[in-house]
Every structure is written in structure tokens, then in C-alpha cells.
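Structure, as C-alpha cells:
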Amino acid sequence: MKHQTRQIFTALLLAAFTHTIQAQTGDCKFADADALKMYLKPGKRTTPLIMAHQGGTEDGFPGNSMATFARTYSKVPCVLLEIDVRPTADSLLVISHDDDLALKTNGKGLLSKKKWKEVSKLRLKDPYGSMTEHPIPTFQEVLNWSAGKNLVLIVDKKPETSIARTIQLLQGTGNLYKSVLICYSLKEAQLAHKLAPQLMLAVGFNSPEHIDAVEQSGLPFEQLVALTPRELQDAPFYQRIHDLNVASSLGTNGNVDTLQTTESRPLYQKIRDSGGPDIICTDNPILVQSIFYKKD
């Protein structure tokens, strides 16, 4: 009965956003692995793609919630939706940025030590620490919602999360060809590539030495996204990445995103106009969308 109530609540919540959903870009449909590779290919656009960190946390919406995912999807065409995947104590994969429940929910202790029966009763805090009515979603719930939608999933599989299980769920829900899997080491990326040879992967390109290591890893460059430092780098840094046919992503979460709009706006514009990063990862995807695509 409780499970049915949860399903009904989620359905009603998502339905509330349906009337605001805008038409997505026509080229944001990925029937096979090559389609996503071509979409993310560097040098194709003058304005960076927008990646919504935790789905976005603007206007009091909690990160990693179904309500936030639906809202961002409705306002940012072909959004790259970043989600965090962690296991509960009974091995159910759920969406949570942190293992410490006290940071983002009304719970205590570690998510990895709690069973889903307990976790499902928790509610998320908004960016200001206030409680909301929004629960922690399961990975399956998000994947079911995502299937058929014009978006890209950026799956931040935390180190303790099974790569094999994550890939299995992406495949089983029809989301594999619209997903990029974040890997915390080249060893993880090599394993993921072995399990799903066509899957796009995101790995660290934080220094020239890291780029050297990627070049020697045997990973296919055309299936990689480079996670670069949060500070804007010199043009040659990005050019070296682009020469490998790899798209680069810069994160503004935790720095530029925390500033007042009057301060952050010129910094977002500087990133847009730099010609370096192909993707901007931000907690403020709707704001960045309005800056990048301002109507004259």
C-alpha cells in the first residue's frame, strides 16, 4: 500500500510540471551510441552545453529529486542531467549526492548502512537546509522517467556503487545510448568499457599528466568526456583535449554558482565566450540557460 501511495505521489508531482514542458531540440534523440558521440563531439557549437549538477538546485528545489529533474527538463532543452548513484545497505541503487544522510535529508547516519525501507521514509532538504516533501528517488525510478525523454543522463556512479549493476540498469531501461558514466579512475573506465563497449565515459583531465595517462589507457577518445579543473584554463589546455576529439566539461558548482547573479553573470559569459569548455556543469542550469540564450 505504501509503495502504491509513493507511486501515485510521484505521478501527481510530475504531472504538475507537464504544462510547462517546452519543446526540446530536434537533434536530442539518441537511437544508438554514434548519435550521442556526434552530439557531444567538440568543435560543433559556439555555446557550451548545460549540465545540471544534481539536476539543479535553484529556487529552493532540492538536488537529486524527481521534482527538480522534471522542472529542469521543462526549462533547459536537451539538458545534460547529472545524477548521483549510491547503494543502500540492502543493495538498492538510489539517487543521493552524499552518503551522510544528515547533509541533505532529515535522516542520520550513512545511507550505505540503511535499508531502503528506512531510506524511503526520509525527505530531502533544499539548498538552504529547509525540509521539503520530496523523497529520495531510486535509480530505477529516474531511469523509468528518463526513458523516451530528450535529454542526456550524466551518471555519477559513486566509487562504492557497482559498475556492472549500474550498466545493467541503463541497458534494461533503454537509457544506455543517452548516458555518460562518470568514472573515478582509468581502471574503472576500462572496466566500464569492457562491460559496455559503446557507452560514453567521463574521466578526469585535470592536468597534462592526466591527459598523458588517458592517451596511454587504450580508451577510445571519441567516447570520452573530459572532466577538467573548475577554474578556466588557458586555451592550449582545451585545444589539446579537442585535438583528441574529446569534449571538455568545466564545473561551476561550489564556486561561480554560489555568487549573486550580478557577480556570476559575467563569469558565466566569460566561460561561454572563451571557446574552451564544451560543457558547463552548474547548480543553476535554468539561470545559465537564460544567460547563454538571452532573447534580444
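Only the coordinates and a few stated rules stand behind these numbers; no lab work does. Everything quoted here is computed from the prediction, not taken from an experiment. Cβ coordinates were reconstructed from backbone atoms using ideal geometry, including for glycine residues, and neighbour counts include every protein chain displayed.
Quick notes on this one:
- 3J(HN,Hα) couplings calculated from phi for the range 86-92 with the Karplus curve 6.51 cos²θ - 1.76 cosθ + 1.60 (θ = phi - 60°) are, in sequence order, 9, x, 7, 5, 9, 6, 7 Hz; Gly and Pro show x.
- Close amide-amide hydrogen proximity is noted between Arg123 and Asn106, Gly107, each under 5 Å apart and 5 or more residues distant or on a separate chain (H modeled in the peptide plane; Pro and chain starts excluded).
- The chain: angle of helix 66-75 to the longest principal axis, Cα-based, in degrees nearest 10: 40 degrees
- Cα-based reach from Lys270 at 15 Å (exclusive), listing aspartates and glutamates while leaving out same-chain residues under 8 positions away: Glu231, Asp234, Asp257, Asp278
- Bridging of Lys117 to aspartates and glutamates at a Cα separation below 12 Å is possible for Asp90, once same-chain residues fewer than 8 apart are set aside.
- Neighbour-limited loop hits for chymotrypsin sites (Phe, Trp or Tyr not before Pro), the range 234-296 (at most 16 other Cβ within 10 Å; DSSP other than H, G, I, E, B): Tyr293
- Cα centroid separation, the range 228-296 to the range 154-197 (Å): 25 Å
- Near Lys157, the amide H atoms lying under 5 Å from its own belong to Val85, Ile182; only residues 5 or more places off or on other chains count, and H is placed 1.01 Å from N.
- Note that the range 254-295 shows a convex hull volume over its alpha carbon atoms of 74 Å³ per residue.
- Cα long-axis angle, helix 163-172 against the chain (0 to 90 degrees, to the nearest 10): 80 degrees
- Helical content of the chain, expressed as a calculated mean residue ellipticity at 222 nm, amounts to -10000 deg cm²/dmol (DSSP H runs of 4 or more residues, -39,500 (n - 2.57) each, divided by residue number, nearest 500).
- In the chain, the longest principal axis of the Cα atoms and the axis of helix 2-15 are about 50 degrees apart.
- Most to least packed among 280-291, 127-138 [average Cβ atoms within 10 Å]: 280-291, 127-138
- Distance violations [Cα-Cα > 32 Å] among Lys37/Lys75; Lys37/Lys113; Lys41/Lys157; Lys29/Lys194: Lys37/Lys113
- Listed peptides 179-190, 80-91 by packing density, highest first (mean Cβ within 10 Å): 80-91, 179-190
- Whole-Hz ³J(HN,Hα) from phi, Karplus 6.51 cos²θ - 1.76 cosθ + 1.60, for the range 54-63, glycine and proline x: 6, x, x, 9, 7, 6, x, 7, x, x
- Spread over its residues, the convex hull of the C-alpha atoms of the range 229-284 is 66 Å³ per residue.
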